[in-house]
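Data first, discussion second: the structure below is written as structure tokens.
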Amino acid sequence: MPSRAQRKLAQQALGLSMAVPQVIAHRVGRMAQAGPNPSARDRKEFKQMGAEKTAAFYESWAAMGLAAMKAQQQMAASMWRAAAMAPWSVAKPGSLLPTGNTLARHALAVMSQGMAPVHRRAVGNAKR
């Protein structure tokens, strides 16, 4: 059964797969109608399109960086706690490393955080 993080990422991807073609079709159609001499209103819209993409990229980048930093801190703290208790435990030396499930969970969280700003903007643009 997929985890909550997997379901969230899948929902974001599905939302993007529905919204992005609508937005692209609308904007390409608008650009085609504007022709070589777009009106002031069209130029404003085209400028906003570029600004939105840049802002979404930076928001996504920052969110992924923050999520990755939190994941690294959590794993480091976990390994530190395990290492601090190692003299009193019967844990094998390799067991102090994060498991594949832990790494996968953190990777999903990083991807989901990075997808959120892009998803929010694309779905918002599709609704407009």
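Details
- Only one of Q12, Q22 that is open to solvent by 90 Å² or more (accessible area, probe 1.4 Å) and in contact (Cβ under 8 Å) with a residue 40 or more places away in the chain: Q22
- So W61, is it among the aromatic types (F, W, Y), modelled with pLDDT of 85 or more and open to solvent by 100 Å² or more (accessible area, probe 1.4 Å): yes
- Among the residues of the stretch 1-28, those that are under 12 Å from L108 (Cβ atoms) and among the polar types (S, T, N, Q) comprise S3, Q6, Q12.
- Listed by first and then second residue, the pairs linking a residue in the stretch 48-72 that is over 14 Å from V110 (Cα atoms) to a residue that is modelled with pLDDT of 95 or more, with Cβ atoms under 9 Å apart and 6 or more places separating them unless they lie on different chains, form an empty list.
- Residues in the stretch 1-53 that are outside any helix (DSSP H, G or I), farther than 19 Å from Q113 by Cβ and of a type in the set (S, T, N, Q): N37, S39.
- Residue match in the stretch 29-38 (condition: open to solvent by 70 Å² or more (accessible area, probe 1.4 Å), in contact (Cβ under 8 Å) with a residue 12 or more places away in the chain and farther than 29 Å from L108 by Cα): yes
- Checked against the criteria, A82 counts as farther than 28 Å from M115 by Cβ and either at pLDDT 90 or above or more than 24 Å from the chain's Cα centre (by Cα) (or both).
- Boolean, A76 is in a helix (DSSP H, G or I), closer than 23 Å to A104 by Cα, free of Cβ contacts under 8 Å to residues at least 60 places away in the same chain and open to solvent by less than 40 Å² (accessible area, probe 1.4 Å): no
- Among (1) closer than 26 Å to S78 by Cβ; (2) open to solvent by less than 70 Å² (accessible area, probe 1.4 Å); (3) at pLDDT 75 or above; (4) not hydroxyl-bearing (S, T, Y) - the single one V123 does not satisfy: (1)
- Some residue of the stretch 50-64 being out of contact with any helix residue (DSSP H, G or I) (no Cβ under 9 Å at 6 or more places or on another chain), of a type in the set (S, T, Y) and under 21 Å from L16 (Cβ atoms): yes
- Flag for A56 being surrounded by fewer than 14 Cβ atoms within 10 Å (Cβ to Cβ) and either under 13 Å from the mean Cα position of the chain (by Cα) or modelled with pLDDT of 90 or more (or both): no
The values are calculated or read from the model by the stated rules, or taken from the named source; none is laboratory data. The structure presented is a predicted model; accordingly, all values stated were derived computationally and were not measured. With ideal geometry, Cβ positions are generated from the backbone for all residues, glycine too; neighbour counts draw on all protein chains shown. For accessibility, only protein heavy atoms count, side chains too; no ligands or nucleic acids. Shrake-Rupley method; radii C 1.70, N 1.55, O 1.52, S 1.80 Å.
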